[in-house]
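Notes to accompany the following structure.
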Amino acid sequence: MTAGQKNVARVGGNGPSLTREQFIDAFHEMLLIRRFEEKAGQLYGMGLIGGFCHLYIGQEAVVVGIQMTLKDGDKLITSYRDHGQMLAAGMTPRGVMAELTGRATGYSRGKGGSMHMFSREKNFYGGHGIVGAQVALGIGLAFANKYRGTDEVSVAYFGDGAVNQGQVYESFNLAALHKLPCLFVIENNLYGMGTSVERASASHELWRNGEPWGIPGRRVDGMDVAAVHEAAAEAVAHCRAGKGPYLLEMMTYRYRGHSMSDPAKYRKREEVDEVRKTRDPIEHVRRILMDAGVSEDDLRKIEDDIKATVNDSAEFAQTSPEPDPAELYTDVLLEA
Amino acid sequence: MATDILMPALSPTMTEGALARWVKAEGDAVSIGDVLAEIETDKATMEVEAVESGVLGRILVPEGTQDIAVNTPIAILVAEGEAVPDAASASTTTSEPKSELPTQTPVEQPPSAPAHVASTLLNAPEPEKDWGPTTEITVREALHDAMQAELRRDPDVFLIGEEVAEYQGAYKISQGLLAEFGDKRVIDMPITEHGFTGMAVGAALTGLKPIVEFMTMNFSMQAIDHIINSAAKTLYMSGGQMGCPIVFRGPNGAAARVGAQHSQCYGSWYAHVPGLKVVAPWSSADAKGLLRAAIRDPNPVVVLENEILYGRKFPCPVDEDFILPIGKARLSGKGAM
């Protein structure tokens with residue numbers, strides 16, 4: 001992995017850092033996702049969220065750093081681990097939590113749930129439960145950008161578990177062949193459900209997986225929001241300039257199991273504790289802000305605001321009605 | 001403030017579980033993320049983590065207890081120095097969940113279909129529209145003319161597939177379209193059905209109107225996940241936000257002496273998928289009229305053609321606006337009463 005490590009050093013070393021205001025924004029966004037996901041975990045435990053639920057805790061710096069480099073009109077698509085992407089895209093905590101709890105006030109009016117949420121307004125194209133499907137759909141979003149003659153970029157997120165899906169390579173080929181403005185983001189959290197990358201992939205340098213098609217790639221410390229931001233800014237600029245796709249491998253970590261029912265016996269508790277203690281993306285930014293003279297009171301105010309927002313979303317979700325059973329028959333076909 | 005720690009649901013099917021082991025003891029300090037206890041679910045042994053910091057004030061359910069219903073208080077968490085209540089509080093920090101459990105809101109009677117669903121199924125026979133003079137054209141020409149007319153009519157329509165552009169179509173349906181509309185709208189694809197179908201569906205979710213030609217529908221099976229899971233289901237799962245106006249078309253069913261892999265009929269397969277429309281035209285008029293309607297339809301439509309009919313001639317209206325409605329039977333002739 002020497003080449004990969006070299007790239008990590010480049011990202012961490014030379015990139016322009018964020019301003020104090022940007023760090024404060026990033027702290028806010030990441031903490032919102034963290035607290036929201038903790039609340040979702042609680043509601044799941046109470047039986048208020050049913051079905052599958054995959055939490056984003058630990059990976060917050062990835063979406064927050066990337067989102068800071070995007071502009072209105074840029075399109076997003078991801079897998080079933082999608083709550084963080086939606087909040088980062090500006091979708092409301094109320095609407096997301098209501099959908100998680102299957103309420104009529106949710107983004108999919110209670111018919112999508114955790115894995116299938118969408119927002120036309122925020123250019124968020126889901127939330128997909130089929131591993132790898134969002135990559136082919138994602139180049140379709142980029143195709144549409146190009147077809148319409150805009151300079152908009154599409155971001156397709158997928159995990160290390162999806163990288164060896166055949167359609168991912170078909171998509172790399174099509175995106176490179178047609179120079180589609182698509183940023184591929186591999187969120188490498190080291191495990192596809194219970195199988196480590198080493199046991200699932202003959203290629204361990206996932207950032208190089210686009211090389212046969214000439215897709216430039218970088219490996220990035222996905223626990224460092226400034227490093228994510230710097231790499232994403234370069235990658236997005238490349239796509240926006242019409243030079244074709246770009247691939248970023250974000251080295252990250254999920255603290256919770258694959259889903260709520262995963263006991264996570266495939267890794268040691270000490271491994272999780274070690275990452276939490278030494279690489280936590282939020283604590284990292286908290287230290288930067290305190291070194292920059294931001295007071296504990298100021299940070300506590302942010303934390304209190306977020307707690308209130310998250311509690312409000314949970315209250316809203318629990319007091320919203322469930323969809324009418326007749327909704328089973330609606331939204332199947334549009335009137336021609 | 002004292003907070004009840006509740007027996008959590010840790011899988012989609014769990015209603016009760018066993019408390020295998022307490023990892024923390026009464027009086028232990030607890031931080032967010034600390035493992036409090038191990039719970040046996042119907043699937044596995046799971047660790048229960050603290051979601052708030054404090055002191056484990058009282059354990060209400062001893063380890064080894066079986067069949068503990070989800071949401072039963074199992075312990076009380078207090079702030080440091082706070083008095084420990086004897087029993088679980090009536091109200092927890094989150095509102096009472098019991099009435100929210102889906103099992104307690106049974107559907108008493110099967111939901112009835114909204115009126116408009118029923119009405120579209122029971123279209124009363126209306127008189128056939130008279131489209132005026134006809135001319136004899138092949139089914140191949142009819143399909144070509146339909147795509148040409150819709151490509152002219154709507155700049156959001158484009159055609160992709162294998163050999164549709166420079167080769168002029170494996171079955172010559174798209175002959176001449178590249179020359180008229182250019183390579184931005186008539187686009188050759190590599191032999192990667194899964195990838196390019198997913199790409200077309202993604203573009204359709206943004207409102208573009210792709211026509212995906214499969215060299216034969218047999219190859220659509222490579223891409224069937226995107227046809228069903230991505231194209232047909234997204235409107236429903238997005239609560240009506242994200243329609244998918246796309247056409248999947250190509251020759252279907254038995255051809256002549258091409259073997260089982262190239263002879264499959266997908267009619268009943270695709271007709272069983274909610275969210276897809278399926279048409280299978282026979283004559284030139286049906287082919288032209290239904291393909292035009294399919295391209296304009298806001299839903300994903302599968303158009304099943306037949307290779308053996310491509311070269312057959314049938315009368316077809318010459319009217320430039322000729323189109324047929326999808327879902328309405330044609331009265332070919334009256335039988336004896």
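Can you list the aspartates and glutamates whose alpha carbon sits under 12 Å from that of A:Lys122, skipping same-chain ones fewer than 8 residues off?
List returned: A:Asp72, A:Asp74.
In terms of Cα to Cα distance under 12 Å, which aspartates and glutamates are near enough to B:Lys184, apart from those fewer than 8 places away along the same chain?
Correct list for B:Lys184: B:Asp156.
Specify the angular offset, from 0 to 90 degrees and rounded to the nearest 10, of the alpha carbon long axis of helix B:139-153 from the longest principal axis of the alpha carbons in chain B.
Result, in degrees: 70.
Which percent of Cα pairs goes in each bin when the distances of the stretch A:2-312 are cut into 10 angstrom slices starting at zero?
So the P(r) values, bin by bin, are 6, 28, 37, 23, 5, 0.
List residues of the stretch B:28-46, by number, whose backbone nitrogen lies under 13 Å from a label position 7 Å along Cα→C-beta of B:Glu16.
Answer for this model: B:42.
Could you let me know the centre-to-centre spacing of the stretch A:39-114 and the stretch B:205-263, using Cα atoms, in angstrom?
Going from one Cα centre to the other spans 29 Å.
For helix B:284-296, what angle does its Cα long axis make with the longest principal axis of chain B, in degrees from 0 to 90 and rounded to 10?
Taking the Cα atoms of chain B, the angle to B:284-296 is about 40 degrees.
Using the Cα centre as the reference, give the magnitude of the dipole from point charges on the C-beta atoms of chain A (Lys, Arg: +1; Asp, Glu: -1; all else neutral), rounded to the nearest 20 debye.
That gives a dipole near 700 debye.
Exposure proxy check: B:Val164, B:Val157 ranked by fewest other beta carbons within 10 Å?
B:Val157, B:Val164
If you filter the stretch A:11-110 for trypsin sites (Lys or Arg not before Pro), then keep DSSP loop positions with at most 15 other Cβ within 10 Å, what is left?
A:Lys71
Using the beta-carbon distance between B:Ala79 and B:Ser268 and R0 = 56 Å, what value does 1/(1 + (r/R0)^6) give for FRET efficiency, to the nearest 0.05?
That gives a FRET efficiency of 0.30.
Identify all aspartates and glutamates with a Cα-Cα distance to A:Lys307 below 14 Å; exclude those on the same chain that are fewer than 8 residues away in sequence.
Correct list for A:Lys307: A:Glu29, A:Glu37, A:Glu38, A:Glu315, B:Glu52.
Divide the volume of the convex hull of the Cα atoms of chain B by its number of residues and quote the answer in cubic angstrom per residue.
Taking the convex hull of the Cα positions in chain B, it is 229 Å³ per residue.
By how many degrees, 0 to 90 and rounded to 10, does the Cα axis of helix B:193-205 deviate from the longest principal axis of chain B?
For B:193-205 against chain B, the angle is about 80 degrees.
Most exposed first by the Cβ proxy, i.e. fewest other Cβ within 10 Å, how do A:Cys53, B:Cys265 rank?
Listing A:Cys53, B:Cys265 from fewest to most nearby Cβ atoms yields B:Cys265, A:Cys53.
Rounded to the nearest 0.05, what FRET efficiency do B:Val23 and B:Met221 give with R0 = 45 Å and r taken as the Cβ-Cβ distance? Could you check?
0.35
What stretch of chain B, leaving out the sites themselves, is the longest with no chymotrypsin sites (Phe, Trp or Tyr not before Pro) in a DSSP loop having at most 16 other Cβ atoms within 10 Å?
B:1-130
Rounded to the nearest 0.05, what FRET efficiency is calculated for A:Lys301 and A:Val332 with R0 set to 45 Å and r the Cβ-Cβ distance?
So the FRET efficiency works out to roughly 0.45.
Using DSSP loop states and a limit of at most 15 other Cβ atoms within 10 Å to flag GluC sites (Glu not before Pro), what is the longest stretch of chain B containing no flagged site?
Within chain B, the longest run free of exposed GluC sites (Glu not before Pro) spans B:167-319.
Count, for each residue of A:49-60, the Cβ atoms from other chains sitting within 10 Å of its Cβ, then give me the mean as a whole number.
Counting other chains' Cβ atoms within 10 Å and averaging over A:49-60 gives 1.
Nearest-5 percent of antiparallel DSSP beta bridges in chain B?
Given both bridge residues lie in chain B, the antiparallel proportion sits at roughly 60 percent.
Starting from the Kirkwood Rh over alpha-carbon pairs, what translational D in µm² s⁻¹ does the stretch B:133-317 have by Stokes-Einstein at 4 °C and 1.567 mPa s?
80 µm²/s
Note down the nm distance, to one decimal, between modelled labels 7 Å out along Cα→Cβ at B:Val258 and at A:Ala200.
My value for the distance between the label points is 3.7 nm.
Determine the alpha carbon to alpha carbon distance for each of A:Lys243/B:Lys288; A:Lys39/A:Lys75; A:Lys39/A:Lys265 and list only those over 29 Å.
Result: A:Lys243/B:Lys288 exceed 29 Å.
Report, please, the projected area of the protein assembly as shown averaged over directions, based on the convex hull of its C-alpha atoms, in nm².
If you wrap the Cα atoms of the protein assembly as shown in a convex hull and average its projections, you get 34.0 nm².
Only the coordinates and a few stated rules stand behind these numbers; no lab work does. In this text, all values refer to a predicted model and were calculated from it rather than measured experimentally. No Cβ is skipped: glycine too gets one built from the backbone with ideal geometry, and neighbour counts run over all protein chains shown.
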